[in-house]
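Heads up: the structure comes next, in structure tokens.
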Amino acid sequence: MLHVKGGSLRGAFGAAGLVLVATTGAAMADWPERAVTVIVPWSAGGGTDATARAVAAELEEKFGQPFNVVNRTGGGGLVGHSAIANAEPDGYTLGVITIESTMYEPQGLSGVTTDDYTYIGRFNADPIAVNIAADAEYDDAEGLIEAVKADPGGIAASGANRGGLSHLAWIGLLDRLDVDPAEANWVASDGSAPALQQLASGAIDVVSTSPAEAQSLVDAGEAQTVALISSERSDLYPDLPTTTEIFDIDWSPLPFRGMAGPDGIPDEVVTAVEGALEEITQDQEFRDFMASRGFSVAYQDAATFGETVKSSGEGLASAMESAGLTQ
């Protein structure tokens, strides 16, 4: 049974799951012999937390041991990402890493680099969206940008820490629209959940985060999503225009969520979890479950995921340099 936020998805994976447990057990009699910790570097209630708990619940069902999600927040994700990288490489501490893991080194922040992980697989990738209050004076992306251009410091935006992906996506957008990133007003937060609460309270004007994370506020009539910071429309949100369409620019930072562990975890652990993750992401019931909550499913195997992380890091490092955020 898949337990997520008080709900359940019964009968997930059926016989396929039993076959995986049996074959995994035959190949790896010693792992897992006890509970596995899954570190999430972001706050409870956000998109990374929700997807991590969904995947952890399925891994628990498949391997027959607890996969306990632990939120380790702070430092714009640095605390949790560092905790994953610096854990004992025995396979009993894994984590869900996000694209922010590629951003700390270019900013001169010690604790983790892209070489400090063993990559296991990606399970989710969603574009960042521009979200504004339902009662904002403007009701589309064009109106918002006009307001920013008129008073760059007067429009407060948030979604993560300064230098995090939500921040870079926003200032990268402004930079391509001839707004000096140095003049932008960014309010740092520990993730999208607290930032969205600030948006609902009127403390800030914009939150750059995935449409899924803003969906509850949109449904409640407290927020509206006006654009995707992307070059391609989303299958999950086909009616949302992209900033490329609206402004004729090329800027498409794509966040990811994937499983990883500290560098040097046993190959058999990687193989087992990689295979389980592939089966989870292929299962239609799981895909429907994710879609119902506004999350895409975008699997990549260990090798491909590692390549994605490295290439994403290079592109964002260039963006950070242009924004004056590198050291």
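The values are calculated or read from the model by the stated rules, or taken from the named source; none is laboratory data. Since we're looking at a predicted model, the values are computed, not measured. Glycine also receives a Cβ, built like all others from the backbone with ideal geometry; neighbour counts cover every protein chain displayed. Ligands, DNA and RNA are excluded from the accessible area calculation, which covers all protein heavy atoms including side chains. Shrake-Rupley method; radii C 1.70, N 1.55, O 1.52, S 1.80 Å.
Results, tabulated for the structure shown:
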| quantity | calculated |
| --- | --- |
| Subset of segment 18-49 [in a helix (DSSP H, G or I) and modelled with pLDDT of 90 or more] | T48, D49 |
| Filter result for S216 (among the hydroxyl-bearing types (S, T, Y), within 19 Å of the chain's Cα centre (by Cα) and open to solvent by 10 Å² or more (accessible area, probe 1.4 Å)) | yes |
| Residues within segment 177-194 that are open to solvent by 20 Å² or more (accessible area, probe 1.4 Å), touching a Ser or Thr at 6+ places or on another chain (Cβ under 9 Å) and modelled with pLDDT of 90 or more, tallied | 5 |
| Given (1) open to solvent by 20 Å² or more (accessible area, probe 1.4 Å); (2) in contact with a Phe, Trp or Tyr (Cβ under 9 Å, 6 or more places away or on another chain), index of the condition A150 fails | (2) |
| Within segment 62-113, considering residues that are among the acidic types (D, E) and modelled with pLDDT under 95, the one most open to solvent (accessible area, probe 1.4 Å) | E105 |
| Tally of residues being of a type in the set (D, E) and open to solvent by less than 50 Å² (accessible area, probe 1.4 Å) across segment 41-61 | 2 |
| Residues of segment 150-178 that turn out to be under 16 Å from A136 (Cβ atoms) and among the polar types (S, T, N, Q), as a count | 1 |
| Residue in segment 120-139 that is in contact (Cβ under 8 Å) with a residue 12 or more places away in the chain, over 30 Å from Q224 (Cα atoms) and either open to solvent by 40 Å² or more (accessible area, probe 1.4 Å) or in the same structural domain as P262 (by TED's automatic domain parsing) (or both) present | yes |
| Listing of helices (runs of 4 or more DSSP H) fully contained in segment 211-318 that carry 2 or more residues being among the polar types (S, T, N, Q), in contact (Cβ under 8 Å) with a residue 60 or more places away in the chain and within 23 Å of S82 (Cα to Cα) | none |
| Test for V309: is it within 19 Å of the chain's Cα centre (by Cα) and either open to solvent by 10 Å² or more (accessible area, probe 1.4 Å) or not charged (D, E, K, R) (or both) | yes |
